[in-house]
Amino acid sequence: MSNGIKKLFRPVDMTQGKPWENIVAFTVPLVIGNIAQQLYNTVDSIVVGKYVGDNALAAVGSAGPILNLLLVLFIGISVGSSVMVSQYFGAKQREELSSTVGSCITLTAIASVLIMLLAPFIIRPALEFLKTPDTIIEWCSSYLHILFTGIAGVAYYNILSGILRGLGDSVSALIYLLVATVLNIILDLWFVAGLDMGVAGVALATAIAQGVSAVLCLWKLSRMKNIFDLKLVYLKIHKVHAVNIVRLGLPSGVTQAIFSLAMVIVQSLTNSFGELFIAANVIVMRVDGFAMMPNFSFGTTMTTYAGQNVGARDYRRVQQGAKQGTLIAVGTSTVITALILLFGRGLMGIFTNTGELVDLSMRMMCILAAGYIAMAVTQSLSGIMRGAGDTMTPMWISLITTVCIRVPLAYGISWLTVTPDLPHGRSECVFVSLLVSWVLGAVITVIFYKRGKWKMKALGNTGTDK
């Protein structure tokens with residue numbers, strides 16, 4: 001392997017060089033990786049929509065909020081570990097870094113077992129609580145049961161790739177995800193189009209592909225002996241590190257739980273508008289995944305960037321990178337949003353041959369458009385705060401915008417627009433409420449970032465500022 005290629009797979013020290021160059025170089029593989037990640041769900045939707053039908057497409061989408069709600073444990077572990085890894089890497093503390101990685105691996109195993117045991121008792125009652133239509137409830141249940149049986153692969157990929165990114169290596173995680181994505185597409189077509197397994201085949205393909213990517217991430221970490229040690233002795237949970245992982249990760253896990261719970265509550269409203277709107281919601285959310293991709297990528301980059309530079313106690317560099325990274329994120333999101341508005345109808349047509357469904361999906365996407373630019377600001381500055389160790393502030397912002405604004409607004413608009421012809425109100429309420437929560441979230445995030453209290457949250461903070 002040439003030196004140039006080897007350099008791509010080395011951890012990146014983001015405490016050196018121009019901030020914007022570090023941010024762009026780290027974000028590009030993340031964006032490609034997030035495209036691949038989104039392809040998991042998108043290919044699932046395309047395959048079931050084309051080969052099984054619109055109701056199967058609705059089933060996969062209706063299962064999403066419950067899936068996300070039960071994954072919050074792993075979200076918390078992933079964020080907590082990424083913050084700690086980036087700070088210890090920036091501070092060049094090998095022993096602490098080794099113990100943190102080992103504790104993450106063990107905590108993930110425990111969380112996986114808990115989810116596997118709990119899921120079978122939660123899935124069916126949750127689907128019934130959400131008033132999932134009888135025409136799709138069996139498909140939803142089958143899809144979720146298979147995914148949660150193979151939850152360890154999903155969990156370990158997300159957490160181990162988070163550790164790799166915390167170390168500044170976004171390329172390896174990308175390569176392994178691309179391998180898994182290609183495998184997922186092949187298995188999707190084989191199981192659904194070839195073996196006629198329906199929705200269950202899509203879930204099985206995803207579980208297998210994620211398991212492969214997790215194994216590849218673990219293999220990569222085991223070879224990084226020049227940075228930290230991955231030995232059995234470090235797999236024992238270190239109390240201090242476990243507490244810090246939970247302390248830093250819990251707010252992000254709670255944030256995801258709040259968001260997922262809100263989606264579950266709004267899904268009940270969505271289901272009341274019937275199968276056509278449920279399917280339209282699935283299509284919009286799949287395209288939404290691509291629109292939101294750069295925002296999440298910049299958010300992850302800013303977490304690693306801030307973590308490493310906070311570990312090195314260089315707060316001026318953190319703020320310099322925050323400004324440059326946010327401007328780049330906003331510009332990128334503006335371009336992508338414009339492209340989706342111009343070519344969105346063609347994108348919608350990939351999922352279904354039903355013209356009415358394409359029209360409805362495009363109308364809803366137009367409502368959301370401006371919100372993606374606002375989310376570029378929210379994700380970038382929230383990433384800075386999380387990287388510095390302040391995971392509580394983004395949690396509270398999410399709580400306010402989602403629980404106090406989005407959910408009441410959705411049901412409020414629905415209630416106010418009830419007519420004899422629209423017994424459940426106007427379906428636009430689902431997306432108007434989301435747009436408003438995104439815009440207000442950006443405003444609140446800017447205010448809290450400028451207050452600067454996130455600077456005092458670093459591990460072992462001495463209060464020094466270069």
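We did not get these values from a lab; they are worked out from the coordinates using the rules stated. Values in this document were obtained by computation on a predicted structure and should not be read as measured data. Because the Cβ atoms are built from the backbone with ideal geometry, glycine has one as well, and the counts that use them run over all protein chains shown.
Of note:
- Full extension of the chain between His424 and Lys225 gives 65.7 nm of extra length, using 0.36 nm per residue less the Cα-Cα distance.
- Crossing angle, helix 170-188 versus the chain [Cα axis fit, 0-90 degrees, rounded to tens]: 30 degrees
- Rounded to the nearest 500, the helix-only mean residue ellipticity at 222 nm of the chain stands at -27500 deg cm²/dmol, with each DSSP H run of n ≥ 4 adding -39,500 (n - 2.57).
- Tensor-based shape of the stretch 95-154 (alpha-carbon gyration tensor, a/c under 1.5 rounded, otherwise prolate or oblate): prolate
- For the chain, the longest principal axis of the Cα atoms and the long axis of helix 407-416 meet at an angle of about 20 degrees.
- Structure-derived percent of Cα pairs over 29 Å apart: which label, when the choices are [x] 72; [y] 47; [z] 42: [y]
- Between the stretch 324-375 and the stretch 247-316, the Cα center-to-center distance that results, in Å: 16 Å
- Averaged over residues, the count of other Cβ atoms within 10 Å places the peptides 187-200, 393-406 in the sequence 393-406, 187-200, highest first.
- Structure note, pairs Lys92/Lys450; Lys18/Lys225; Lys18/Lys323; Lys239/Lys455; Lys92/Lys453: Cα-Cα distances above 19 angstrom occur for Lys92/Lys450; Lys18/Lys225; Lys239/Lys455; Lys92/Lys453.
- Multiplying the residue separation of Val113 and His145 by 0.36 nm and removing their Cα-Cα distance gives an extension gain of 10.1 nm.
- Packing rank of 118-124, 250-256, where each peptide gets the mean count of other beta carbons within 10 Å, highest leading: 250-256, 118-124
- Across the options Tyr88, Phe298, Met263, the greatest Cα extent toward the positive end of the charge dipole of the chain (unit charges at beta carbon of Lys, Arg, Asp, Glu) belongs to Tyr88.
- Across the chain, the relative contact order, built from alpha-carbon pairs under 8 Å that are at least six residues apart, equals 23 percent.
- Coupling constants for the stretch 421-427 follow from the phi torsions by the Karplus curve (6.51 cos²θ - 1.76 cosθ + 1.60, θ = phi - 60°), and in residue order they are 7, 10, x, 10, x, 7, 5 Hz; glycine and proline get x.
- A simple charge model with +1 on the Cβ of Lys and Arg, -1 on the Cβ of Asp and Glu and nothing else charged puts the dipole of the chain at about 2140 debye relative to its Cα centre.
- Value of relative contact order over the stretch 62-181, rounded to a whole percent, pairs C-alpha under 8 Å and six or more apart: 41 percent
- Shape class for the stretch 387-434, computed from the alpha carbon gyration tensor (a ≥ b ≥ c): prolate, with a/c not under 1.5 and a/b above b/c.
- Computed about the Cα centre, the dipole magnitude for the stretch 141-277 is approximately 820 debye when only Lys and Arg (+1) and Asp and Glu (-1) carry charge, each at its Cβ.
- Here the gap between Leu235 and Lys92, fully extended at 0.36 nm per residue and compared with their Cα-Cα distance, gives a gain of 49.4 nm.
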